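J.: What follows is a single structure, and I will ask about it in a moment.
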Amino acid sequence: MAIIAPSLLSADFLKLNEELNAIQQAGADWLHFDVMDGQFVQNISFGLPVLEGIRPATRIPIDCHLMIAHPEPYIESFKRAGADVITVHLEVCPHIDGTISAIQNVGAKAGVAINPGTPVEWLAPILHRVDLVLVMTVNPGFGGQSYIKEMENKVRWLKEQREANQYHYLIEVDGGINETTSQRMLDAGVDVLVVGSYIFNQENYETAIESLKGE
């Protein structure tokens, strides 16, 4: 079954602790924490103080997605604040091998993300090192966008590479995931589904999460 990682960006910030408790009780496996800097992406979200605040309130792993132009100086700080997985974008890391080492050296799992317009083959040189690959299924920066179905081919390629080379990374997707698109991605070979509005816009979080997990 898929790992379900609700995106905190879609939660009700006026009752954040209540939302955290609700998604845990509903069966969420991870919590997805999006960090945006207004440079790499147009939007600005939350950062270290919020992560520090929610870490004691949740027992599930926190999957921290750094959509920022210069992630390297902040890796240790995000780990210290509570991140279990730290994902950076290939597009902003000219020395990606060193960035992966920096993440793993502080004790976090290392993820690498790619935008819809980035060829998945560009990841080939570092696939043996990463713990997670995040395929963006929308252009990053804003929630509620439409799913780009062509990204399913990237997931298939990543699954083929993992099987052919006995790599260990998880395949994650983020953007436009709902009951229908989740099944398409599960069929393609995905392991982790980042889901925002589809969960938080429903009255029953448990029902929403169950509908995504697959068999």
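The values are calculated or read from the model by the stated rules, or taken from the named source; none is laboratory data. All of these numbers come straight from a predicted model, not from anything done at the bench. Cβ: placed from backbone, ideal geometry, glycine included. Neighbour counts: every protein chain shown.
J.: Quick one: which residue in LEU20, LEU31 is within 12 Å of the chain's Cα centre (by Cα) and of a type in the set (A, V, I, L, M, F, W, C)?
T.: Details: LEU20 fails: within 12 Å of the chain's Cα centre (by Cα).
Result: LEU31 is the single residue among LEU20, LEU31 that is within 12 Å of the chain's Cα centre (by Cα) and of a type in the set (A, V, I, L, M, F, W, C).
J.: Is it the case that some residue within the stretch 175-193 is at pLDDT 95 or above, over 20 Å from LYS159 (Cβ atoms) and of a type in the set (D, E, K, R)?
T.: no
J.: Another question about this same structure. Condition first: modelled with pLDDT under 95 and in contact with a strand residue (DSSP E or B) (Cβ under 9 Å, 6 or more places away or on another chain). Can you find one or more residues in the stretch 120-133 that meet it? Spell out the reasoning first.
T.: To start, the set of residues in the stretch 120-133 that are modelled with pLDDT under 95 comprises none.
No, the stretch 120-133 has no match at all.
J.: On the basis of being under 23 Å from ALA164 (Cβ atoms) and buried (at least 19 other Cβ atoms within 10 Å of the Cβ), does VAL85 make the cut?
T.: Working: under 23 Å from ALA164 (Cβ atoms): no; buried (at least 19 other Cβ atoms within 10 Å of the Cβ): yes.
The answer is no for VAL85.
J.: Residues of the stretch 192-215 being at negative phi and small (Gly, Ala, Ser), which ones? Full working, then the answer.
T.: Step one: of the stretch 192-215, the residues at negative phi are 192-213, 215.
Of everything in the stretch 192-215, those that are at negative phi and small (Gly, Ala, Ser) turn out to be GLY196, SER197, ALA208, SER211.
J.: Same structure, new question: Can you find a residue that is without any contact (Cβ under 8 Å) to a residue 24 or more places away in the chain and over 22 Å from LEU9 (Cβ atoms) anywhere in the stretch 112-120?
T.: Looking only at the stretch 112-120, we keep the residues that are without any contact (Cβ under 8 Å) to a residue 24 or more places away in the chain, and these are 117, 119.
Now narrow it down to the ones that are over 22 Å from LEU9 (Cβ atoms): 119.
Yes, the stretch 112-120 has at least one match.
J.: Among what's in the stretch 44-70 and is in a loop (DSSP other than H, G, I, E, B) and in contact with an Asp or Glu (Cβ under 9 Å, 6 or more places away or on another chain), pick the residue that is surrounded by the most Cβ atoms within 10 Å (Cβ to Cβ). Lay out the reasoning, then the answer.
T.: Going through the stretch 44-70, the residues in a loop (DSSP other than H, G, I, E, B) turn out to be 45-47, 58-61, 68-70.
Applying the additional criterion that residues be in contact with an Asp or Glu (Cβ under 9 Å, 6 or more places away or on another chain) yields 45-47, 60-61, 68-70.
Numbers: SER45: 19, PHE46: 16, GLY47: 18, ILE60: 15, PRO61: 17, ILE68: 21, ALA69: 13, HIS70: 13.
The residue in question is ILE68.
J.: Could you pull out every one of the strands (runs of 3 or more DSSP E) wholly within the stretch 91-197 that has 2 or more residues that are surrounded by 19 or more Cβ atoms within 10 Å (Cβ to Cβ) and not β-branched (Val, Ile, Thr)?
T.: Values: elements: 109-114, 132-136, 170-174, 192-195.
So the answer is 109-114, 132-136, 170-174.
J.: Let me ask something else about it. Looking only at the stretch 52-111, count every residue that is among the aliphatic types (A, V, I, L, M) and within 15 Å of PHE33 (Cα to Cα) and tell me the total.
T.: 15
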